[in-house]
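*Asks:* Next up is a structure, given as C-alpha cells.
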Amino acid sequence: MKEEIPWYIIRSHGPWGVISVLLIVGHFLLPFLLLLMRGIKDRAKFLGKVAIFVMIMRAVDYYWIIAPNFTTEGHHAEFHLHPLDFTTMIGLGGIWVFAFLRNLKRGAILPAHESLEGAKEAVIHG
C-alpha cells in the first residue's frame, strides 16, 4: 500500500537498517543453522541458550515493528531507547509468567487416561 512504503524505507536506513540486518541474521539465519546441527539439539543446556537468544531477538523484532518513526519532512529519525521500553517488556513478561504458573497449578502436568487408571488398579489389586 502506498502509505506504508515510507515506513519500510525509514526502517531500511541508518540505525534502523542495522537492526533490520540484525533481525535477519539473529532471528532467522543463526538459529536455523544452529538447529540443523544434531550435537546442539542433543545438549539441553546449549539448546536453552539458543531459545533464550531467540526470545531476545523476538523482543528486538517487536521493538522494530512498534517503535515510532518520529520523522520530519525529508529527514530520517533515529530510534531512542527509553527505560520504559525495557520495563514494559519485563512487566508484561511477569504478568504472563504469573498467569502461566497460576494455570499450571490448576491441572495435572501429565494427562490422566482412563486406561492408565485401570492398569494401576490391576497392579495394586493383583
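*Asks:* Can you pull the one-decimal nm distance between simple spin-label points at Leu35 and Tyr62, each 7 Å off the Cα toward Cβ?
*Replies:* Here the modelled spin labels are 1.9 nm apart.
*Asks:* Also, I was wondering about something else. Go through Leu29, Phe98, Pro6 and say which Cα lies farthest out towards the positive end of the charge dipole of segment 1-106; charges sit on Cβ, +1 for Lys and Arg, -1 for Asp and Glu.
*Replies:* Phe98
*Asks:* Also, I was wondering about something else. Rounded to the nearest 0.05, what FRET efficiency do Leu104 and Phe46 give with R0 = 25 Å and r taken as the Cβ-Cβ distance? Could you check?
*Replies:* The calculated FRET efficiency here is 0.45.
Bear in mind that the values in this text are calculations on the coordinates, not laboratory data. For clarity, every value in this text was computed on a predicted model and none was experimentally measured. We place every Cβ from the backbone using ideal geometry, glycine too, and count neighbours over all the protein chains shown.
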